[in-house]
Amino acid sequence: MTEMADGYDIVPPLPPRYRFRDLVLGEHYGEEDGRVRVEFFVDEQSFKERLQLYFIKNKRSSVRIRLFNLLIKFLSCVLYVIRVSLDNNDLPGAEEQISSGSYSSGTGVTTMAATPMPKQCCTKENAEPSIRWEALLWVERSPVLWVIQLTIAVISLIQALLLLFLQYKGNILQQILNIYFFLELITTVPFLITIFSEDLRRLFIPVFFNCWLAKMLLENLFNDLHRVMQKPHSALSQQLMILLCTLLCLIFTSWMGIQHLERAAEKGMSVFHALYFTFVTFSTVGYGDIQVDIWPSQLYIMIMISAALVVLPVQLERFGFLLVERQKQGGTYSQHRAESGKHVVVCATILQYDLITDFLNEFYAHNLLNGYSVVLVSPCELDNALRALLQVPLWAQRVVYIQGSVLKDQDLIRCRINVAQACFILSPRNVMDRSDADQQTILRTWSVKDFAPNVSLYVQILKPENRFHVQFADHVVCEDEFKYALLANNCLCPATSTFVTLLIHTSRGQEGSDSNSQWQRTYGRCSGNEVYHIKLGDSRFFGEYESKSFTYASFHAHKKFGVALIGIQKTDEGATIQLNPGPRHIMRSTDICFYMNISKEENSAFILRHPREDQQKEKTDSSKTTNYVPPENGGMTKVESAIASVGTLALELHHIGGKPGSPAASATTSPAKARESYMSPEGRESSGTSLEMMAGTSSMDRNHLMPPAGEDGDNGFLMPAAANRGRRPSIMPVLEMMSSDPEDEQPRDEKLLHAQKQVDLVDTEDVQLWDEEDPDQLAASMSGVRMWTKGTPPFLPYIGYTPALCHLLTKPKQFCCLELDQPCEHCSYRHAAEYNWPNNNIIIAAEYAALAMINFVVPLRAHWRPKHTLKPIVVLLEKRPDSSFLDCILSFPMVYYMIGTIENYDDVLRAGILQADTVVVVDKESSKLADEDYMADANQIVAVQTLFKLFPHVSIITELTHPSNMRFMQFRAKDTYALKMADKQKIEKQKGSNIAYMFRLPFSAGNVFSASMLDTLLYQSYVKSYMISFTRLLLGLDQAPGSGYLCELRIIAEDMWIRTYGRLYQKLCSTTHEIPIGVYRTHSHADNKSELSVTIEDDDNSSLGQSDERKEIASIIRMKMKKIDLPPEEYDSEVSDKRHKLSYVLINPSFDLKLEMDDIIFIIKPAGGPKTPSPMPPRRKFSSRRKPRKAEPRVEPQGSNVDTKL
């Protein structure tokens, strides 16, 4: 007994398939399979109650009884059809019976009174046909068939009377007058009469009415089955079943009735002809080839048509109502489809057209996901535009919409969340209260985790202080964190928002390929670059660089394959991604390499050129001049041209020569030999000679790259020492590995970039100039006390914040000193000009001070930024900040806040817009209450347009709710070039581009940004799980040990000797070990006159009326300046020609891209690398009473209408 008890400790649950089997075959079936049957009995008081328990109350027994009744009703209808088919409709002596009035029944004779025939008063054609009434009463029925029908009738009658008895509740008349009980009596009682006489066995009985009883039983049976099986059923499918059964019953009743009534006619009607006539009649076709001849048949047809006109519309109305409700509620993702395929679930409060299209385009842009289905779950109804989108054949078979809430288990079952591959939970962005939106997202995340704990969660949260509630999710994107970090990096690295947006969008790089403009083709091709990863040991791109330095691998991979290696991740436990770990990192076969390319390596085909082509090319190159001629295809050689088609990239690669003494061979020498040959005069001279001979060859075949040669062999940028010796400066080769001894002398490059020359100048700066300006701190700095330090912020703004090392004040400021325009006992300044900051300030305008705004301050105060490059930050708020925000910014140098709006001229003047370098306008939450959805940005756009008109020198970066509204930014009606870009956007959208707005000039220049552009970051995380961590490192939100950071490098006139992007790549890798990843380029529209026949009219200078408008604006602003005690002469009303310039970003450009002056290079500096300051304009001090002086214009982030001037 003990063993038996132990064996039944764990009883497996009863599988669902046994329920229906027990229902049909009985509960005792299959007891030999070892299952234990437990029965529960109820002590009933009477026999009637026991019968009620078996026939009505017990679910299983009642279902079996209904199923049995349904089968016998169906069998009775089948037997009736068989009886009709066997009936030959021939009555013995019919003609004699008609004349004599007697009818022989075959076994007996029945005598009938002769009916006198009326005199024919009409013609023969109009004579009414005779009716054989006896044919309607008597039919042919075999004895066997009679026995079966009698048995079925007896059983049916007994069950009907028994149910009548059991369901009796005091009103017997109501139950007797029930239509179904009446039909039961008609089809069963006549069979009991036929028992008493053999002649009566041929009596006609309308058994075909049993079809209506079968319909009723079928409806009840389905209800009981769903109740027994404990599964929810669809009301729409139930109503559809009822509608079909009603239609079949009408057709069957009409069919059998017409066939029987036509027995009384002279011709009669066969079973098939009766069916044909019924279909033709009910379809309202009425061919007329078959007619009913006698009036009983005609009357019966009229009755059946009337019944159909009454019954069918009622059923159709119910079905239509349920169908409309079903369309509103969506469908159900079937269990079979969930088991046979893969699907993901997308949960959102409101399903907007742009949101869903962005998700679908980005999700299905990956070939691996084409077989997936997407289930949309939302409590709101679909709008007409989205409903029409989901009916497109491209999405109809892939996307399923379900109206419901993920907080309900029933709706989670409908979307099969337990077997889903992933669940995306998106926050409602267009809401007034972002905290309320996050609370809804948190509850949805908890509900899904509770119901399906194994499903992967991809959560979008708005405010960072709510992120720790969903920290258990697999991937979390906090919108405010990324938004403020992007805006901060935009102030230093122009168009960082555009760079990141293009990087996280899936594109094939085909945008602009058919354009006549060179910049559009290059910009569109480079926009196809994305971040991919591969294991070094499995890579053809990087496999040959095992045991070599990271910098060496990055440079040579870009030179050979055109891919940019930007980071690695070790396989050690707990290892994180490292951006540019530097030359001291030695590549291992187990390292995960992160690189930028148009396509991933697995989808690339490597096509080597034929050796004879290389030999022919060498002969051709040797006959050319030594002057370098850039390629005509915009910086991309034919050998390296990337052909991206359906995810496949074809690269034509050169054979790299390996002869001793060649430049290629020198690149693979040991570090000691490289230093010896580079540092010695003989080595330098021989290297210069070799480079001079190779100057005419392609830059792909060179390692020591030469600056461009001028007239008579002069490059125009020779250093004095080099000029005396008659040689040009070269670029040091990138070493395979760096000495592990820090004291080991490393080779130095004689020709430095302008930014590299500023290192010594920075070290000798007066640090007192960068301390705070109030008297107490100034006195402390003069006494030798250090006012600035590096560390992590003392106050954490929210739970889950990752502290970052940054510049801080040794002693935090007082609360009263934070408000810019309010004098206190420590500071008497009233506006920004009186602070006399050494650098131009940055203004960020927002509705209120969000805790996430700390992510705007920290990147601008990062520890690796030189102190002399830091810019003051003025936070312009409409609402007074709370103490928690003030606590967070107390310790940051040169960070202030001010109460005001950008619509108020006095506020922006006191905030220092005349000295401002950049103005950042953050989207307002209150604007979400606009009646029209796309009008949410109206206030922002008009306010920015006003600033653009009044202060044209300021670079304005604006955040919008809807990306489509960027076409209104800095709008000028006569800017025909911008209008041409609008047409370009339409063309690219028709081609199916996911980022058709990329050619809008404000976006390409980085002057506009929308948080919705970050949605694709969450979508890409399903395929690329590292994208969120990678982007956080790139923007400075996280700091990993050994990881580099994003910075910028400006190319000025002194650096033009570097000539090409590939030479710059080698220059940076060999000296400061920095990795370039992109170029921000600015040039005027006039440069495109040969490509575009476009004329540009300036709204401010095109007519005398516009000139008068500028004077009026200047007069108003100067009056405002006098009011707040600012010198009016500091306002410059002139409009710079930079409005005619356009800017764009090139991600991972080609090796031979020709550099232009004022190009800004996106670089990733190694952690702890050489100190190279960011390029900054000459430092200028502003005072409240300084004289106006003409300043040289600086190149700033520009779009079609951006103008920046000091």
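The values are calculated or read from the model by the stated rules, or taken from the named source; none is laboratory data. None of the values given here were measured: they were computed from a predicted structure. Methodologically, a virtual Cβ is constructed for each residue, glycine included, from the backbone with ideal geometry; neighbour enumeration extends over all protein chains shown. To get the accessible areas, we keep the full protein, side chains included, count just its heavy atoms, and leave off ligands, DNA and RNA. Shrake-Rupley method; radii C 1.70, N 1.55, O 1.52, S 1.80 Å.
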Which of the residues that make up the stretch 866-920 are touching a helix residue (DSSP H, G or I) at 6+ places or on another chain (Cβ under 8 Å) and basic (Lys, Arg)?
Lys867, Lys871, Arg910
Can you report the number of residues in the stretch 542-566 which are under 30 Å from the mean Cα position of the chain (by Cα) and at negative phi?
4
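For (1) at pLDDT 90 or above; (2) open to solvent by less than 10 Å² (accessible area, probe 1.4 Å); (3) closer than 17 Å to Ala849 by Cβ, each residue gets a yes or a no:
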position: Leu890; (1), (2), (3): yes, no, yes
position: Pro893; (1), (2), (3): yes, yes, no
position: Thr901; (1), (2), (3): yes, no, yes
position: Asn904; (1), (2), (3): yes, no, no
position: Leu909; (1), (2), (3): yes, yes, no
position: Gln915; (1), (2), (3): no, no, no
position: Thr918; (1), (2), (3): yes, yes, no
position: Val921; (1), (2), (3): yes, yes, yes
position: Lys924; (1), (2), (3): no, no, yes
Looking at this structure, is His533 in a strand (DSSP E or B) and farther than 16 Å from Leu1146 by Cβ?
yes
With the stretch 342-439 as the region, which helices (runs of 4 or more DSSP H) entirely inside it contain at least 2 residues that are under 15 Å from Tyr1019 (Cβ atoms)?
353-363
Residues being assigned to a helix (DSSP H, G or I) and farther than 14 Å from His475 by Cα - total across the stretch 443-461
7
Mind listing whichever residues of the stretch 513-565 are out of contact with any Phe, Trp or Tyr (no Cβ under 8 Å at 6 or more places or on another chain) and of a type in the set (Val, Ile, Thr)?
Thr522, Thr551
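Among the residues of the stretch 969-986, count how many are farther than 21 Å from Ala495 by Cβ and either open to solvent by less than 10 Å² (accessible area, probe 1.4 Å) or in a loop (DSSP other than H, G, I, E, B) (or both).
Kept after step one, since they are farther than 21 Å from Ala495 by Cβ, are these residues of the stretch 969-986: 973-974, 976, 979, 983, 986.
Going one step further and asking which of them are either open to solvent by less than 10 Å² (accessible area, probe 1.4 Å) or in a loop (DSSP other than H, G, I, E, B) (or both), we end up with 973-974.
Adding up the residues that qualify gives 2.
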Which condition from (1) of a type outside the set (A, V, I, L, M, F, W, C); (2) without any contact (Cβ under 8 Å) to a residue 40 or more places away in the chain; (3) open to solvent by less than 70 Å² (accessible area, probe 1.4 Å); (4) in contact with a strand residue (DSSP E or B) (Cβ under 9 Å, 6 or more places away or on another chain) is the one that Gln397 breaks?
(3)
Quick one: in the stretch 368-386, of everything that is under 14 Å from Gln397 (Cα atoms) and of a type in the set (S, T, N, Q), which residue is surrounded by the most Cβ atoms within 10 Å (Cβ to Cβ)?
Ser373
Residue check: is Phe482 hydrophobic (A, V, I, L, M, F, W, C) and more than 18 Å from Val374 (Cβ to Cβ)?
yes
Within the stretch 420-429, does at least one residue satisfy the condition of being in contact (Cβ under 8 Å) with a residue 12 or more places away in the chain, surrounded by fewer than 14 Cβ atoms within 10 Å (Cβ to Cβ) and over 27 Å from Asp480 (Cβ atoms)?
no
Going through (1) in contact (Cβ under 8 Å) with a residue 60 or more places away in the chain; (2) open to solvent by 30 Å² or more (accessible area, probe 1.4 Å); (3) under 23 Å from Glu134 (Cα atoms); (4) in a helix (DSSP H, G or I) one by one, His260 fails only at (2)
Yes or no: the stretch 404-417 includes at least one residue that is of a type in the set (D, E, K, R), farther than 25 Å from Ile442 by Cβ and surrounded by fewer than 20 Cβ atoms within 10 Å (Cβ to Cβ).
no
In the stretch 187-199, anything surrounded by 14 or more Cβ atoms within 10 Å (Cβ to Cβ) and not in a loop (DSSP other than H, G, I, E, B) is listed as Thr187, Thr188, Pro190, Phe191, Asp199
Is it the case that some residue within the stretch 1174-1188 is more than 29 Å from Arg861 (Cβ to Cβ), in a loop (DSSP other than H, G, I, E, B), at pLDDT 75 or above and open to solvent by 20 Å² or more (accessible area, probe 1.4 Å)?
no
What number of residues in the stretch 579-604 are in a loop (DSSP other than H, G, I, E, B) and open to solvent by less than 30 Å² (accessible area, probe 1.4 Å)?
9
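Could you tell me whether the stretch 271-281 includes any residue that is farther than 19 Å from Ile251 by Cα, among the aliphatic types (A, V, I, L, M) and part of a helix (DSSP H, G or I)? Can you show your working first?
Filtering the stretch 271-281 down to residues farther than 19 Å from Ile251 by Cα leaves none.
So far as the stretch 271-281 goes, no, none of its residues is farther than 19 Å from Ile251 by Cα, among the aliphatic types (A, V, I, L, M) and part of a helix (DSSP H, G or I).
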